[in-house]
Amino acid sequence: MLKKLKNFITNKTDNSYFQFIKYFFASGIALFADVSILFILTEYFNVYYIVSATISFLAGIAITYILSKFYIFTKTKIHNKINEFTVFLVIGIIGLILNNIFLYIFTEYFGIYYMLSKIFVIIVTYLWNYFARKKFIFS
């Protein structure tokens, strides 16, 4: 049992179900960085929350790329590393646009505290990023 758990944690897999679970945990790490940077930049450095959200989301993209590439997915559909990263980044930028639009709408139009708005936005961007990356980059 412990050996199977260790293999699950340390090895990549072709199983889509396990990839989704691993992506969930990897996204949790990226999310922690994203939310922490958002909060610190906004609250302690008085950076406008949309600017903070952009910086923090880009940090999350970098973490997610590293974990996706070296921890989660076994195969890639794009064999040129520069092209692969470019597609990954384009998907991430679309996620960033969704993130910032919804964050702004929830915060400015509905009057929700930006950190609570971020919670709603996380679900949308998580689903977009996983399924787009799975479809266009990773097998």
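The values are calculated or read from the model by the stated rules, or taken from the named source; none is laboratory data. Quick caveat: nothing in here was measured; it's all calculated off a predicted structure. Cβ: placed from backbone, ideal geometry, glycine included. Neighbour counts: every protein chain shown. Surface accessibility is based on the protein's heavy atoms, side chains included, excluding ligands, DNA and RNA. Shrake-Rupley method; radii C 1.70, N 1.55, O 1.52, S 1.80 Å.
Summary table below
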read-out	value
Amide H contacts of THR76 (H built 1.01 Å from N, under 5 Å, at least 5 apart or other chain)	SER139
Label-point gap, in nm, between VAL124 and ASN83 - each point 7 angstrom along Cα→Cβ	3.2 nm
In order through the stretch 123-136: 3J(HN,Hα) via Karplus (6.51 cos²θ - 1.76 cosθ + 1.60), integer Hz, x for Gly, Pro	4, 4, 5, 4, 5, 4, 4, 4, 5, 5, 5, 5, 6, 9
Cut-off under 5 Å, modelled amide H: who pairs with VAL47 long-range	THR42
Angle between the chain longest axis and helix 16-44 axis [Cα atoms, degrees, rounded to 10]	30 degrees
LEU41 - accessible surface, heavy atoms, 1.4 Å probe, Å² rounded to 10	40 Å²
Accessible surface, the stretch 13-97, averaged per residue in Å² (probe 1.4 Å)	54 Å²
Long pairs among LYS22/LYS118; LYS81/LYS134; LYS69/LYS134; LYS22/LYS135, criterion Cα-Cα beyond 19 Å	LYS22/LYS118
Between 0 and 90°, nearest 10: helix 49-67 axis offset from the chain longest Cα axis	10 degrees
Trypsin sites (Lys or Arg not before Pro) lying in DSSP loop within the stretch 49-116, provided at most 16 other Cβ fall within 10 Å	LYS75, LYS77
Chymotrypsin sites (Phe, Trp or Tyr not before Pro) within the stretch 7-51, DSSP loop, no more than 13 other Cβ atoms inside 10 Å	PHE45, TYR48
Estimated vicinal HN-Hα couplings, Hz - the stretch 73-78 in sequence order (Karplus 6.51, -1.76, 1.60; Gly, Pro = x)	8, 8, 10, 10, 7, 10
Reference-scaled alpha-carbon Rg (2.2 N^0.38 Å with N residues) for the chain	1.12
Apportionment of accessible area to carbon and sulfur, the chain, percent (1.4 Å)	76 percent
